[in-house]
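These notes are about the structure you will find just below.
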Amino acid sequence: MVLSGCSSRFPELQRLAPLPDKPPCQVAVLPFVNESNYAQADLIVYKIFMAELLKSTHFQVAQEGDIRKVYRQLLIYPQQAPGLDQIKIIADRINAQIFITGRIHEAQEKSSGQAPNPQLTLSLQIVDAASGRTLWNTYHTREGLQYQKVMHFGLVTTISGLARRMSHEIINLWFKEGLQPCAD
Amino acid sequence: MPRHLVALFSGLLLCCVWLSAAQAAGTKIAVIPLQDLSQGDDGVNWPLTDQLRQDLLEKNLDVVSQPATVSYLARHRIRTLGQLETYHIRTAKKDLEVSLILLGTVCQKTEQPGPSLSLVLYLLRTEDGQTIWSNTTDLCCSDTRRILGISEPKTIEDLYPLISHNILSSWPTNIGLQAKQLQSVDIESAWLRPTYLRSGMDAQCSVHLRSTWLPQNHPEVLLKIGENLIPVTETSGGDYYEFSWKAQGPDGRYPVSLITAWPDGHKQSLLLGSYFIDNQAPALNLELKGTLIDDKITFRNRLAIIPNLTSREPLNRWRITFENQNGESMVSQDGSGFPPERLFWQGKDDNGKPFPDGDYRITFEIWDRAENSAQASQWVTVLRSKPQLSVKAELSGDNGLTIDLAQTGKAPVSFWRMTLRDSEGITIAMKEGDHLPAKIALTVLPKDRNKKIKGFLLVRDLLGNQTQMQIADLFSLTKTDQNEKTKADEDEKNKAWVEEF
């Protein structure tokens, strides 16, 4: 049984403003915001997305520890998005050219029959670090069963497994749609 | 293929393998205990950490002992695993003498419906604090089914060696350990206050740097405030820098940056924050919703107070004060942020005691974030006195009786009703009106003049104050005005301050 999920219209990219002329080298992934009822969905997806982005080897990605330190210094609480002035300070302190911000809209580990069928819906934004302006917004939603190919093969049974594949799809889409790798 | 070429290729291959192994053998790595999110944000997974250490040893890496790593974390008060600050990564190079750090997180670890595990790893280079490799994988027992089920993993523990082997399968073969590294500063803490201020007020900045340099390489530290560069010196006790200045200039945003100038000539600039000069007072006017009597806003038991803010800038705090005619403050109330859109006052103090009738001044004050203030005030009259009535009756002609109604209160009458009944309780007349004075003319036959006519009078003024009067014998009023028997209703029960107060 081959489902058509992987050929769906997601991930969906919305261009709000053009990317910087010079391809960015320094990227910071800001802590994600969890709007779902799944505890730690923000942390799980954040860690996995960060690893997938690093695997693309196109950017220098700021250390999570550095970002969380600036968040503490600026008194930005967990699950709180930084304000415009705070964005500028974070950009300067960690020397980032673009930020990636994210929101987990829905995450649940439900079942379809006997098979676990996790579901994850998220949106990721590429933000210009200097101005705080959102340049691209990407919305993505998937269920584990959408990756099933034949019998058990391809089946994704966990939120983290789903996050890994979805992160990979989003990063691929970004490069396909014009995000340039660092030239240095 | 000629024998000498085979020998040459074999030699080259052996040389490559030897170089790779030699590099690995000389590389020292610290494995930070894995963060385990399944045990909460502060969870640690020791078994999988040990498994990774073991597998790295098999790759001929020189792995720092676990106690030394834990001691390093404790020494630097690193409480959260799965992440490190660049400062700590670089410090590990000196403290642990490592070129690499492996850190990671167990993102998920579940037993149901089947054991499954998800792991993220990052490999960090201590020379420059960069992540040079990362990998993520997830594994569940059903992914590892084998023919006949021999050696098939059944528990989480069975998955540890498999996931470790799986995630390390893409371990980089050629790790670049050298990196170009410029001196830089690391800010431990920084604050700038206040954020909003008026021109001429004192601003203060404090920075604590983590020193990563030798004494001879100490950078010159400057503050860039707007366009001005100001050298600052350490306060006693280490790398603390404090500076205060008078904020001057037109309204606007003023960024403050820390500039470090290094002996080798390169400079680094870090934005500490911004402050805003605001010299504009917020605009305010006060609207009172009462009844206008003699050009004064008058009320009995409920006054709506509406502070109209014409400039929509954020406010820091507000205050409302009630003063009597002598300028004595009777009651006041404070609040932070924006005031409520509408406040209701019932003419009482904090203890619920009604203010006596009279004139009072209501003053509303607001302060914006820079402590620019604005105030507006208005006089208001509290009037709870009941309408004072005068009732006179006069016989006219053979059959006539005229009743004169008048009132002497300050507030005009908005409604009155007079009901007249005979001695048997039968209503013989009922009159109403909306202003006083008024006259009521009745026809009373001479034969009925010996009978009693009872009267009941209700009068209400514009503010809602009302008086009720019972007249036992209307004819007695034609003889004297002293027979009136008045019974006035009490006002409504005292009310407390409304919630907004």
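Could you tell me which GluC sites (Glu not before Pro) in region B:337-446 are loop residues by DSSP with no more than 13 other beta carbons within 10 angstrom of their beta carbon?
B:Glu341, B:Glu424
Given B:Lys296/B:Lys386; A:Lys69/B:Lys224; B:Lys289/B:Lys348; B:Lys348/B:Lys386, which pairs have Cα atoms separated by over 26 Å?
none
Quick one: Cα centre-to-centre distance for region A:42-108 and region B:330-351, in angstrom?
44 Å
To make sure I understand, if each residue's beta carbon is the centre and we count other beta carbons within 10 Å, what order do B:Cys107, B:Cys141, A:Cys182, B:Cys205 fall in, fewest to most?
So the ranking, lowest neighbour count to highest, is A:Cys182, B:Cys141, B:Cys205, B:Cys107.
Run the helix sum for the protein assembly as shown: -39,500 (n - 2.57) per DSSP H stretch of 4+ residues, divided by residue count, reported at 222 nm to the nearest 500 deg cm²/dmol.
-6000 deg cm²/dmol
Check each of the trypsin sites (Lys or Arg not before Pro) in region B:336-391 and keep only those in coil by DSSP with at most 13 other C-beta atoms within 10 angstrom; list them in order.
Answer in residue order: B:Arg342.
Over region A:12-72, what is the mean sequence separation of C-alpha contacts under 8 Å (at least six apart), divided by residue count, expressed as relative contact order in percent?
The value is 41 percent.
Considering the dipole of the protein assembly as shown built from charges on the beta carbon (Lys and Arg +1, Asp and Glu -1) around the Cα centre, which of B:Gly238, A:Val127, B:Val64 is farthest to its positive end?
Result: A:Val127.
Lys/Arg Cβ at +1, Asp/Glu Cβ at -1, dipole of the protein assembly as shown taken about the Cα centre: which of B:Asn465, B:Pro339, B:His88 is farthest positive-ward?
About the Cα centre, the residue reaching furthest to the positive side is B:Asn465.
Can you work out the FRET efficiency for the pair B:Ser332 and B:Gln54, with r the C-beta to C-beta distance and R0 = 56 Å, to the nearest 0.05?
0.20
Any read-out appearing in this document is the output of simple, stated calculations on the displayed coordinates, not a laboratory observation. Everything quoted here is computed from the prediction, not taken from an experiment. When we count neighbours, we look across all protein chains shown, and the Cβ atoms used for this are built from the backbone with ideal geometry, even at glycine.
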